[in-house]
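Colleague: Below is the structure I would like to discuss, written out as structure tokens.
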Amino acid sequence: MTRPFRVAVVGAGPAGIYAGNILRTRAAEAGIDVRIDLFESLPAPYGLIRYGVAPDHPRIKGIVTSLHDMLADGAIRLIGNVEVGADVTIDELQSLYHAVILATGAQRDAVVDLPGLDLRGSFGAADFVSWYDGHPDVPRHWPLEATQLAVLGNGNVALDVARVLAKHPADLLTTDIPDNVHAGLVASPVEDVHVFGRRGPEDIKFTPIELRELGEVPGVDIVLYDEDFDRVSEEVSTGERRAAGNQAKVMARILQSWRDREPTGAPRRLHLHFWHRPVEILADAAQGEAVAGIRFERTEPDGQGGIRGTGEFVDYDVQAVYRAIGYRGTPVRDVPFDERAGVVPNDGGRVLDDGEPVPGLYATGWIKRGPVGLIGHTKGDAGETIEKLLEDHALLAGAERPDEDAITEFLTDRGVRYTTWDGWLALDAHERALGDGFAGEATRERIKVVPREEQVAISNREVIAR
Ligand SMILES: Cc1cc2nc3c(=O)[nH]c(=O)nc-3n(C[C@H](O)[C@H](O)[C@H](O)COP(=O)(O)OP(=O)(O)OC[C@H]3O[C@@H](n4cnc5c(N)ncnc54)[C@H](O)[C@@H]3O)c2cc1C
């Protein structure tokens, strides 16, 4: 009788779940009896879908349903609340499995060099996103005290952050935001949210759906500046960059429709600025170390597809600055990590150490190729990684590995309170019931439970100590 081929996937975000599912399908086609365990450091699955995607993006629910279906029959065993590299080392994991796939994604902000970064009121988008999505490992309170604020970046995360900051909290009540987040947003005195991009309107990295929805936020006027568009036409006249295709045309049309709109006098405004390179976050000496403004150098096209500074500087009075300039991969202790690129070095998914493949170790998703791209892109990644793993199957499968109870016994001996798929179903049902029981005017699909202890206790049906 052949022994099962045992694979651990680390990270239950979309990349890890797609990898598990593709492995299961392709292994079956190849006649390989595979057993897959999916490790997750949080008590609940879905990675950035639960703790990154904005709460007012309900269309993601379709993806969650399909990921749910991939795990529902138990063929991929979820083992949550286990941090690989801390609760179990990578060596220990490799001694229990024939192969390990890292799908640890990216949870932190990219590092930037900008004077004033440490001032009070200067925030990374990842921290703010984690707060509004109810991540268990960030503080429950967020200081929303600014009336004028700046968001740096021209990608979808910048749009999410700007939209959540500008939106009237009543319009978020139908979502799954935790109570503390709703209360924080209600108290926010914000009036103007300024989004700044270093390049021009035709270089934005937003996707059309995300851009369009910005213009549909009730009680918020969009403000654009003619001077930013004058610089575009200069560059566009070279003809080359317009080749960007239909998506660029759609975005240009959306921006133009906003320029044609009359302001409604709404109580909140969302300003989109282009050709602004941040130079320094400014402090007000009288305010201690708090943000009091931000200085930019205006930029312009350099005629070769890039930008250059114009030597013209401009200051904005803001009391908070949010940097949405990218995420950074989450390394695992004792696993090779490329600090510069923020990824696990790999060749098509085979993890490399000093350029050589590490036997039985693979990577997929954002930790494999960097923190760019939508959820759907992680599926293609996973396909490539699984192809490599199955090419190596014959080499790996000969090793002696213990049976599937070994890991749960190991975790129990170590005192790790791991969660399971059934536990997630219990937590999911609990959160939906909280939404049903909501006494406000809006119908809420769920209200997220935030504290880790409480999530684990509900998942494991333990009595919660108060
Ligand atoms: C703010 C934001 C908004 C987004 N909005 C959208 C959107 O609206 N639509 C869309 O299509 N895409 C969106 N994306 C992109 C999408 O989230 C990513 O493409 C996708 O989540 C990447 O998947 P992943 O599995 O590689 O990483 P992740 O989703 O980050 O999953 C990685 C998982 O690994 C776990 N993990 C990490 N380290 C360990 C460890 N040591 N041990 C065990 N587990 C570990 C993490 O807890 C996490 O659950 C957004 C991204 C961000 C940052």
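The values are calculated or read from the model by the stated rules, or taken from the named source; none is laboratory data. Values in this document were obtained by computation on a predicted structure and should not be read as measured data. Ideal geometry is used to build each Cβ from the backbone, glycine not excepted, and the neighbour counts take in all protein chains shown. Please note that ligands, DNA and RNA were not included when accessible areas were found on the heavy atoms of the full protein model with its side chains. Shrake-Rupley method; radii C 1.70, N 1.55, O 1.52, S 1.80 Å.
Colleague: So how many residues does the stretch 25-51 have that are surrounded by fewer than 23 Cβ atoms within 10 Å (Cβ to Cβ) and in a loop (DSSP other than H, G, I, E, B)?
Modeller: Result for the stretch 25-51: 5.
Colleague: Across the stretch 328-346, what is the total count of residues that are away from the ligand (no atom under 14 Å from the Cβ) and surrounded by fewer than 12 Cβ atoms within 10 Å (Cβ to Cβ)?
Modeller: Total satisfying the criteria: 2.
Colleague: Show me the helices (runs of 4 or more DSSP H) found entirely inside the stretch 130-238 where at least 2 residues are out of contact with any Ser or Thr (no Cβ under 9 Å at 6 or more places or on another chain) and under 23 Å from Phe274 (Cα atoms). Let's see the steps before the verdict.
Modeller: Details: elements: 156-166, 179-186, 208-214, 226-236.
Hits in the stretch 130-238: 156-166, 208-214, 226-236.
Colleague: Exactly one of these conditions fails for Val181: (1) open to solvent by 10 Å² or more (accessible area, probe 1.4 Å); (2) touching a residue at least 12 places away in the same chain (Cβ under 8 Å). Give me its number.
Modeller: Every condition holds for Val181 apart from (1).
Colleague: Can I ask one more? Could you tell me which residue of the stretch 41-64 is nearest to the chain's Cα centre (by Cα), considering only residues that are within 30 Å of Asp403 (Cβ to Cβ) and near the ligand (Cβ under 6 Å from one of its atoms)?
Modeller: Gly47
Colleague: Further question: Could you tell me how many of the residues in the stretch 363-386 are more than 13 Å from the ligand (Cβ to nearest atom) and in contact (Cβ under 8 Å) with a residue 60 or more places away in the chain?
Modeller: 2
Colleague: On the given criteria, is Glu297 open to solvent by 10 Å² or more (accessible area, probe 1.4 Å), more than 20 Å from Thr207 (Cβ to Cβ) and at pLDDT 95 or above?
Modeller: The answer is yes for Glu297.
Colleague: Go over the candidates Ile22, Ile79 one by one and state the one that is in contact with a Ser or Thr (Cβ under 8 Å, 6 or more places away or on another chain) and at pLDDT 95 or above. First the steps, then the outcome.
Modeller: On the way: Ile22 fails: in contact with a Ser or Thr (Cβ under 8 Å, 6 or more places away or on another chain).
After ruling out the rest, the residue left standing is Ile79.
Colleague: Which residues, counting only those in the stretch 335-344, are among the β-branched types (Val, Ile, Thr) and outside any strand (DSSP E or B)?
Modeller: Matches in the stretch 335-344: Val335, Val344.
Colleague: Can you tell me which condition Val10 does not meet? The list is (1) touching a Phe, Trp or Tyr at 6+ places or on another chain (Cβ under 7 Å); (2) β-branched (Val, Ile, Thr); (3) free of Cβ contacts under 8 Å to residues at least 24 places away in the same chain, and all the others hold.
Modeller: Condition (3) is where Val10 drops out.
Colleague: What is the residue count in the stretch 387-396 for residues that are free of Cβ contacts under 8 Å to residues at least 12 places away in the same chain and either of a type in the set (A, V, I, L, M, F, W, C) or within 15 Å of Pro14 (Cβ to Cβ) (or both)?
Modeller: 1
Colleague: Quick test for you: out of Ala8, Ala30, Ala99, Ala44, pick the one residue that is at pLDDT 95 or above and within 30 Å of Gly124 (Cβ to Cβ).
Modeller: Ala44
Colleague: Okay, next question. Would you confirm whether any residue within the stretch 6-24 is more than 9 Å from the ligand (Cβ to nearest atom), assigned to a helix (DSSP H, G or I), within 14 Å of Leu389 (Cα to Cα) and more than 23 Å from the chain's Cα centre (by Cα)?
Modeller: Yes.
Colleague: Of everything in the stretch 358-404, what is over 30 Å from Ala110 (Cβ atoms), open to solvent by 30 Å² or more (accessible area, probe 1.4 Å) and acidic (Asp, Glu)? Give them in sequence order.
Modeller: Within the stretch 358-404, Glu391, Glu400, Asp403, Glu404 meet the criteria.
Colleague: Looking at His141 and the list (1) open to solvent by 10 Å² or more (accessible area, probe 1.4 Å); (2) within 9 Å of the ligand (Cβ to nearest atom), which single condition is not satisfied?
Modeller: (2)
Colleague: While we're looking at this one, here's another question. Suppose we filter the stretch 25-40 for residues that are more than 16 Å from Ser66 (Cβ to Cβ) and within 16 Å of the ligand (Cβ to nearest atom); how many remain?
Modeller: The total comes to 4.
Colleague: Which condition breaks for Ala106 when tested against (1) surrounded by 24 or more Cβ atoms within 10 Å (Cβ to Cβ); (2) at pLDDT below 95; (3) within 27 Å of Glu391 (Cα to Cα)?
Modeller: So Ala106 meets the others, but not (3).
Colleague: Then there's this: Suppose we filter the stretch 16-64 for residues that are within 26 Å of Val164 (Cα to Cα), small (Gly, Ala, Ser) and in contact (Cβ under 8 Å) with a residue 60 or more places away in the chain; how many remain?
Modeller: The number of residues fulfilling the criteria is 3.
Colleague: Taking the stretch 184-198, which residues are of a type in the set (D, E, K, R) and open to solvent by less than 20 Å² (accessible area, probe 1.4 Å)?
Modeller: Matches in the stretch 184-198: Asp192 only.
Colleague: Can you tell me which residue in the stretch 71-128 is nearest to the ligand (Cβ to nearest atom), limited to those that are in a strand (DSSP E or B) and small (Gly, Ala, Ser)?
Modeller: Ala106
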